[in-house]
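All of the numbers you see were taken from the coordinates with simple rules; none came from a lab. Since this is a predicted model, take the numbers as computed values, not measurements. Neighbour counts run over all protein chains shown; Cβ positions are idealised from the backbone, glycine included.
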């Protein structure tokens, strides 16, 4: 049975940006409605140790997001398990349709839909997805206890994945197309000094191969970026960690974007190209992509929404 809900502030997404917008929107008496989306809690729910959240020397990602959800709920945010499939920003109030059949009518909107893992787009990668090829070490690392695996990438995500996977794997080969890592120095030091991790510089993935009956990875072929020489690396798991792309499906044709699809916001603001619509977190942040900066933008977005609505009145 379809339902229509009206709110002064609709928050789409439930990572640090969304939940923080909920807290501040509630404190502003906007009675916000937050629609969680297909991954409640966002990327931190598939992260293990978080060591850079202020006041917490170490916290598990899922625990941190559960606490943020509880905080937003207790502050007064109505949190709904739904996924927005369509968003009409052509006129105010804005209209969003949920997959549950609910229609949301909103005087203002905070977009906090985050980002999703990137893939290489190779046929062999696609063939073995879920059968040895993964983009989530915390989801699938357990299945490779005592096995040799490879990680593709050179940024924070790749190094964090490689380090985590040493809890299970007998050997982790990190394949990077450059000669140095882009990750934070402290992470680089941990990786380069880890006895289970072997970096393979100036190489890129050429092919994943394996068995068909049953479907499973048996190894990868990698190519030297300068000489073209092919090297065969036996392994049971391939973890692709080459970054993330903004989840902009709802707004890519209506809001101004740049840098590969990130939503454009005004300088020192979360305001987008449509008045009353604000963007916070990884959907707009192509530079920092940290939980703490996402939370800060969620705060900004809710405060700016409050000011926007006050001006309309």
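Per-residue ellipticity at 222 nm, computed for the chain from helices alone with -39500 (n - 2.57) per DSSP H run of at least four residues, works out to -7500 deg cm²/dmol.
The smallest convex shape that holds all Cα atoms of region 32-118, its convex hull, gives 122 Å³ per residue.
Contact order normalised by length for region 119-240, with contacts defined as Cα pairs under 8 Å and 6 or more residues apart; what percent is it? It comes to 30 percent, rounded to a whole number.
Using a simple spin-label model with pseudo-atoms 7 Å out from Cα toward Cβ, residue 2 and residue 170 lie 5.9 nm apart.
Could you tell me what fraction of 2.2 N^0.38 Å the Cα radius of gyration of region 119-240 comes to, as a two-decimal ratio? Don't skip to the end; give the middle numbers.
Values: Rg = 13.3 Å, N = 122, 2.2 N^0.38 = 13.7 Å.
With N residues counted in region 119-240, Rg over 2.2 N^0.38 Å equals 0.98.
Nearest-5 percent of antiparallel DSSP beta bridges in the chain? Within the chain, antiparallel bridges account for around 50 percent of the total.
When you count the other C-beta atoms within 10 angstrom of each residue and take the mean per peptide, 9-19, 229-239 line up highest first as 9-19, 229-239. Extension gain, residue 193 to residue 142, is 16.1 nm, computed as 0.36 nm per intervening residue step minus the present C-alpha separation. Contact order, relative form, for the chain: 20 percent (alpha carbon pairs under 8 Å, 6 or more residues apart, mean separation divided by residue count).
Pairs of alpha-carbon atoms within less than 8 angstrom and 6+ residues apart define the contacts here; what relative contact order does region 1-63 have, in percent?
29 percent
Which whole-angstrom value gives the distance between the alpha carbon centres of region 16-75 and region 107-166? Distance between centres, Cα-based: 22 Å. Applying 1/(1 + (r/R0)^6) with R0 = 30 Å to the Cβ-Cβ distance of residue 27 and residue 288 gives a FRET efficiency near 0.75. In this label model, residue 259 and residue 229 are separated by 3.8 nm, measuring between points 7 Å along each Cα→Cβ vector. Ranked by Cβ crowding within 10 angstrom, fewest neighbours first, how are 65, 29 ordered? Going from least to most buried by this count: 29, 65. Pick the calculated volume of the Cα convex hull per residue in Å³ for this structure from [x] 162; [y] 149; [z] 179? Recomputing volume of the Cα convex hull per residue in Å³ here picks out [y].
Ranked by how many other Cβ atoms sit within 10 Å of their own Cβ, fewest first, the residues 244, 176, 194 fall in the order 194, 244, 176.
Highest mean first, the peptides 215-223, 273-281 sorted by other C-beta atoms within 10 Å per residue fall in the order 273-281, 215-223.
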